[in-house]
Each structure stands twice: as structure tokens, then as C-alpha cells.
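A quick write-up on the structure given underneath.
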Amino acid sequence: MSQFIDSITDVKKNYKVYDTWEQEQADDAAKREYLAKTLDMPKDKVELTRAKAETITRAADLLDKRSEDNCQNMEQTTGIIGLVTLLPAIFNEQISSKLSRFVGNSKLPTSLAITIASFVVGLGIILWGNSKQKEASRVGRFQGKKHELNDVKNFVIYTPQQIEAAKILVKNMPDKKNTKSVMQIFQDMKQMSQDKQEYKKWLEEKLKNPEDIQKVLNTQFTPEQLAQGEEDKEIITNIIKDINIKAEEYCENVETSFETLSFLSTLGTIPIALGIKKLLSLKAFERMPGELKGIFVGFASILYMLGVMSVGLSEKKKASRVGRYVKKKEILNNPEVLMTYNDEQFKQAENVKAPKKKQGFFAGIIDDFKFLPTYIRDRREYFKYSQTEAKEKEKLYDALKQTDVTQEQLTDAKHLQEKTFTTFDKIDEMSQRYSEDVEAGTEVAKSSFSMAWTIGSFALGTLITLGAKKKLTNGTMPVHKIVRTISNIVLDKSSSIRQSIIDFCKKANNDKGLKEMLSKAFVDRDVRANLFQKREIQEIVTPIIGEFSPNIDNVGQLGSTLEKHFRKDPVSKWFRKLAGEIIALRYIPMENSGATKDIFTELTEFCKNYPTLIKSTIVGMIPGLTLLFGIPYAFSAWLTNIQKKAGKIGIMKAVNELDHPQLFVNQQESAKPQAEQSQQKPRCSPTSLLPAA
């Protein structure tokens with residue numbers, strides 16, 4: 001819990017700091033790109049950098065895949081468990097009905113208690129799920145080092161002769177079978193569970209013998225060793241940092257898109273529930289108890305939301321891989337940007353700056369929409385690559401591990417493996433920790449805000465309704481003024497209906513009893529019956545009925561009769577159509593109303609017969625839906641934006657902690673006295689490389 005609080009505090013403290021750091025990193029990358037194009041760098045050094053980059057990007061890709069897949073598999077598992085907490089809320093009515101027999105007749109307190117209890121349990125599951133997701137990510141990194149990258153030959157920089165020998169072996173190697181299946185998530189979870197015990201033992205040993213970083217920083221290294229450490233620091237940290245940031249951005253941007261889809265899916269449960277209710281109302285299900293029908297509707301809603309969530313998490317996994325592929329391709333196409341440049345060279349690019357990145361909530365939303373076409377294009381390219389070139393590369397790596405290598409190559413490979421693992425562990429741990437902790441915090445905030453907003457909105461709506469009902473019941477609602485205002489706006493001056501309304505309102509204005517009856521008539525059936533018997537009302541109603549009664553059974557003639565009383569402006573035209581459809585709905589039966597029809601046929605006929613009523617209802621619902629759903633959605637999108645930044649803040653802090661060349665000095669060779677080392681010639685590195693991605 002303390003780590004969770006520390007992460008939230010650190011993100012808050014570094015929220016603005018990250019913007020400055022991100023711009024500095026972008027400026028540095030722009031300078032390096034400029035220098036790579038303008039300076040004539042030694043070809044062998046460029047090729048060595050490319051070979052190292054290929055090795056490190058592959059390792060980072062494999063480690064990140066394990067980490068991300070485990071984390072997202074666990075997120076899906078804990079998410080399914082979290083859906084269980086929705087059951088009491090979905091079946092609130094049925095549970096309240098049962099409990100009300102024991103706690104009293106009122107369902108409202110029982111229903112509220114069930115909702116609050118579901119909310120509290122849900123918060124507990126969010127925090128528990130957060131800890132499990134971070135643990136799964138750590139186990140994933142351990143699995144990557146144990147399985148895919150345990151062999152130090154994965155980090156050897158091979159010579160051209162060794163690569164050519166491996167290519168001969170590749171010709172006789174069979175293609176690997178595709179082992180993916182719909183049950184892959186369960187297989188991955190099973191393997192993670194098996195490796196988790198070994199991970200715990202490894203962690204215990206590591207905690208018993210922690211690495212003394214300060215001791216390394218205090219070690220006296222030679223200038224040559226520090227220069228080598230600086231070069232490796234630049235290559236390893238920049239590659240892993242850039243790949244993690246790109247994967248984070250792609251993953252979170254896709255998650256934002258599915259946040260919108262999940263929000264819309266919540267609204268989508270409404271037509272699904274209505275459709276199933278209609279289906280269960282058929283004769284075949286007439287003997288099914290009402291409570292059982294409610295359970296069917298509830299489970300259908302849960303399955304629908306679960307399906308949307310599963311698709312979203314699956315696409316997040318793909319997005320991480322696509323992001324890593326895009327950044328890997330950029331790096332290998334221009335490895336010169338990873339090279340170390342001295343101060344004199346950097347002075348040549350002192351005026352080179354990267355474009356300023358737009359900051360802010362709305363800028364982020366616009367970027368998310370712009371991202372989708374880019375992601376679709378990159379996704380298509382990645383999956384084509386993964387089915388062709390990537391498979392050939394993995395076969396080449398397998399063949400290379402069968403070739404003979406020198407002890408010098410193994411020594412350098414061991415160093416590269418150790419520093420890559422250390423750097424990735426640090427960056428990925430900080431990225432996952434900050435991202436998952438802040439995600440848990442935002443989920444708590446979203447749930448709390450959503451619940452408070454929903455209760456507040458219904459409470460406000462209830463207060464307004466009760467206030468209006470009280471005024472109507474007390475007879476203090478100025479109905480006559482409201483009616484006269486509307487008639488003045490929409491009815492033509494020559495309309496007999498308008499003149500009758502004006503005359504009536506004048507009488508009502510001077511008759512307190514009549515005003516009270518008009519108000520009470522909206523909530524009291526007896527008052528309404530007595531009101532229509534009064535002479536003042538009969539004087540208005542009788543001529544209107546006389547004019548409309550011959551056409552009351554024909555929608556077209558009814559519309560023509562109404563038209564001459566209304567003005568010709570758009571508002572009056574809309575009001576006339578609405579009035580005609582309401583009258584038709586009240587007095588004119590639908591064609592073939594006695595026939596048995598499916599829900600889609602009924603819905604089509606209703607939309608055809610009452611278009612203005614439907615449009616008016618939708619327009620009228622927009623403010624309510626905005627109040628009930630729109631503001632919580634905007635709040636949720638804002639929190640998601642914070643979550644997207646949190647992982648990158650973790651990367652920033654990790655990179656800053658690793659910003660010491662001493663940490664990247666080749667420890668496979670013992671630090672020797674400076675006099676002895678100064679007599680040694682620097683070892684020449686092989687100038688080999690693997691084909692670029």
C-alpha cells in the first residue's frame with residue numbers, strides 16, 4: 001500500500017517535470033539525427049552500433065512481450081472477477097424484493113445498501129488486482145530471462161563469416177509451427193504459475209544480496225572504461241527507453257479508444273436488455289417466472305460487457321507489439337542516432353530543436369483520434385512482418401547459436417546480456433509500477449466519481465420532480481401562463497384556438513380557484529374530470545372538438561387541419577407535427593395492431609409513424625444523457641490521460657537513475673590499476689550485423 005501511495009505522490013510531483021524532460025529528450029534526438037546526416041562516421045563503428053541495436057531490441061522485445069502479456073492476462077482475469085461485483089447491482093431489483101420481506105417493505109434503503117456494498121467490494125478488487133498485475137509483470141521479466149534469453153549466445157555480436165555459416169544451416173531448418181490457440185491465455189497463465197515459485201526463490205536470494213550501486217559508482221575506472229561505459233549506456237538505455245515509451249503510447253492510445261467503446265457498450269446494454277425482454281415475452285416463455293427472466297437479462301448484459309472488455313485487452317496486447325516494432329524499425333534504419341557524440345560535435349547542432357509538443361487534455365484527445373489511422377496502418381504492416389521476415393530472423397538466430405564463437409565474443413556477450421537485463425528490469429519495473437498504481441488509483445476515482453455523480457444526478461432529478469409535483473399539488477404552478485406563452489410562440493394570430501386560449505387565460509388570471517384546478521389537474525384525476533366539466537373549459541374545448549372530430553381517424557387530414565392554426569416558422573412547424581403525432585398516438589390505433597409482430601417490425605412501424613416524436617425524445621434526452629454519462633466520461637478520459645503519462649514518468653525516473661557510465665562498464669573484466677590498463681590496446685569489435693528490420 002505504501003508503494004501505491006508513493007507512486008501516486010511521485011506522479012503528481014513529476015507531472016510537469018516530465019513535459020520538460022520529454023522535450024529535452026526530443027531535442028537531443030533531433031540533434032543526433034542532424035549529426036548522423038552531416039557527420040561522416042566510421043563505417044565499422046556504425047555497423048557495430050547497428051549489430052548491438054539489433055541484439056538489444058530483440059531482447060527488449062522478448063522481455064517486454066512477456067511482461068506485457070502477463071500483466072494484461074492478469075488484468076483480464078481480475079477484470080472478470082471484478083464483474084462479479086456487478087451482479088448485486090444488476091440483480092438489484094430481485095435481491096431487494098427478497099430482502100424487503102425481512103427488513104421491511106421499502107426497497108429503496110435495501111437497494112442503496114446493495115449498491116454501496118458492491119462499490120466497496122469493487123474497490124478492494126481493484127487494489128488487489130493492481131498488486132497481482134505488477135507481480136505478473138515481474139514474473140514475466142524473469143520468464144523471459146529464464147526461457148528465451150537464458151543462452152548468452154543471444155547477445156553475441158557475430159562476424160560476417162559466422163552469419164554466412166548460419167545462413168547455410170537455415171536452409172535445412174524446418175519452419176516453426178504456429179502454436180497459438182484460443183486457449184493461449186490459459187496456457188500462459190499456467191506457465192506463469194509454474195515459474196512463479198522459482199521467481200520467488202530468485203527474489204529472496206536477490207534481496208539477501210542486494211547490488212551495491214554506490215560501490216560501483218565509487219570504483220575508480222580508467223578513461224577508456226568510462227568511455228566504453230558511456231557508449232553502452234547511450235545505446236542500451238536509449239533503445240530500451242524509446243521502445244518502452246512507444247509500446248506504452250500505442251497500448252494506452254488503444255486503451256483510450258476502447259474506453260470510449262466500453263462507455264458506448266454500457267449504453268448498448270439497453271437495447272440488448274429490451275430485445276431479450278421482448279423475446280422472453282413470447283408465448284414459448286410465458287410459463288417462465290418473472291425473476292428468472294430478469295436473471296437472463298442481467299447475464300446477457302454481463303456477457304456483452306465481458307466480450308467488449310476481452311476484445312479491448314486483446315487489442316492492447318497487439319498494440320504493444322506494434323509499438324515496439326515501429327520503434328525497432330526506426331532505430332535499425334538509423335543506428336547513427338545511438339552513437340556517442342562529443343561536446344564539440346554537439347556544438348554543431350546547438351540550434352537544432354524538435355517541434356514543441358502540444359500539451360493539455362483537449363490536445364491529447366485530438367492526438368488520440370489522429371493516432372487511429374496510423375495505428376491501423378502500422379498494425380497491418382507489423383502482422384505482415386511477423387508472418388514473413390520475423391520468422392526468418394528467428395530461424396537465423398537459432399542457427400547462429402549453433403555456430404562456434406570465441407571466448408572474447410562470449411565475454412562481451414555476457415556483459416551485454418547483464419547490462420540489458422539490468423536496464424530493462426529497472427525501466428520496465430518503474431514503468432509498470434507507476435502505470436499500474438496510477439491505473440488502480442484512476443479506477444478507484446472513476447468508480448467513486450461515477451457512483452457519486454449518478455446518485456447526485458438522480459437526487460437532483462428527484463428534487464426537481466418533487467418540487468414540481470409539490471407546486472402542482474398545491475395549485476401554485478402557473479399553468480395558464482405557460483400555456484399562453486407557448487400558444488403565442490407557435491400559434492398563428494388568426495387562429496381561433498389561440499384566441500380561445502387567450503380569453504381563457506384572462507379569466508384564469510382573475511380566478512384563483514380556476515388557477516388551482518389547472519395546476520392540480522396534472523396530478524389528480526378527479527380534479528381533471530371536474531375541470532373538464534367547467535363552463536370556461538367547455539367554451540374552449542367544444543369548438544376545437546367540433547373542428548377536429550371529423551378528421552380524428554385520419555392522420556393526414558388531422559395534420560392539414562392543424563396546419564392552418566400554426567405559424568410557418570421551423571419551431572411552430574415542429575410543434576405542430578409533434579402535437580399531431582401525440583394526438584394520433586392517443587386516438588388512432590396502429591395498423592394490424594392485433595397481429596403478432598417481432599420487435600424489429602414494431603420498431604420500424606413506430607419510427608415510420610411517429611418520426612417527430614422520436615426525434616424530439618432523442619433531443620430531449622441529450623441534456624440528461626450528457627449530465628448522467630457525458631461528464632463522467634470526460635472525467636474518465638482525463639484520468640486515462642494521467643495514466644498514460646504515469647508509465648512514461650516511471651521511465652524518466654529510471655533513466656535518470658541509470659545515467660552513470662560506471663554502471664555500464666564491462667564488469668566481466670576486472671577493474672585493473674590505471675597504469676596497467678593504460679598499456680593495453682583497445683580491443684577491436686567485430687563489424688558484423690544482422691539484417692535490419
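Of the cross-linked pairs K31/K393; K215/K653; K196/K329, those separated by over 23 Å at the C-alpha level are K31/K393; K196/K329.
For the peptides 213-223, 328-338, 15-25, 231-241, residues were scored by their other Cβ atoms within 10 Å and the scores averaged per peptide; the highest-first order is 231-241, 328-338, 15-25, 213-223. Once both labels are positioned 7 Å from their Cα atoms along Cα-to-Cβ, the gap between Q191 and S314 label points is 1.9 nm. As an exercise, use a Förster radius of 60 Å and the Cβ-Cβ distance of D659 and Q184 to find the FRET efficiency, rounded to the nearest 0.05. Step by step, r from the Cβ atoms, then E = 0.95. Counting only aspartates and glutamates at least 8 places from K615 when in the same chain, those with an alpha carbon closer than 19 Å to its own are D569, E581, E602, E605. Label point of D526 set 7 angstrom out along Cα-Cβ; within region 459-499, no amide nitrogen lies under 14 Å from it. The length gained on full extension between E392 and N334, counted as 0.36 nm times the residue separation minus their Cα-Cα distance, comes to 18.7 nm.
Extension gain, M41 to K568, is 181.9 nm, computed as 0.36 nm per intervening residue step minus the present C-alpha separation. If you plug the beta carbon distance of K370 and K615 into 1/(1 + (r/R0)^6) with R0 = 45 Å, you get a FRET efficiency near 0.90. Within the shell of other residues whose beta carbon sits under 14 angstrom from the beta carbon of V156, the net charge comes to -2, with Lys and Arg scored +1 and Asp and Glu -1. Spin-label model, K414/N488: points 7 Å from Cα along the beta carbon direction are separated by 9.5 nm. Any aspartates and glutamates with Cα under 14 Å of the K470 Cα? List them, leaving off those in the same chain fewer than 8 positions away. Reachable aspartates and glutamates: E516, D524. For R535, neighbours were defined as the other residues whose beta-carbon sits under 13 Å from its Cβ, and their charges (Lys and Arg +1, Asp and Glu -1) total -2. In this structure, the pairs whose alpha-carbon distance is over 23 Å, taken from K13/K644; K201/K391; K13/K145; K471/K493, are K201/K391; K13/K145; K471/K493. Applying a threshold of 24 Å to the alpha-carbon distances of K134/K446; K190/K318; K134/K246; K241/K446 flags K241/K446 as lying beyond it. Counting charges near P478 (Lys, Arg +1; Asp, Glu -1) among other residues having Cβ under 10 Å from its Cβ returns a value of +4.
At an R0 of 45 angstrom, the distance between the Cβ atoms of A354 and N218 translates into a FRET efficiency of 0.80.
Each label point was placed 7 Å from the Cα along the Cα-to-Cβ direction; for S281 and S448 their separation is 4.2 nm.
The length gained on full extension between I502 and K146, counted as 0.36 nm times the residue separation minus their Cα-Cα distance, comes to 119.3 nm. Shown are S314, S435, S500, S281, whose ranking by accessible area with a 1.4 Å probe and every protein chain present, most to least, is S281, S314, S500, S435.
The values are calculated or read from the model by the stated rules, or taken from the named source; none is laboratory data. Treat the numbers as computed from the prediction; the structure is a model and nothing was measured. Virtual Cβ from ideal backbone geometry, glycine too; neighbours counted across all protein chains shown. Surface areas here come from the heavy atoms of the whole protein model, side chains and all, with no ligands, DNA or RNA. Shrake-Rupley method; radii C 1.70, N 1.55, O 1.52, S 1.80 Å.
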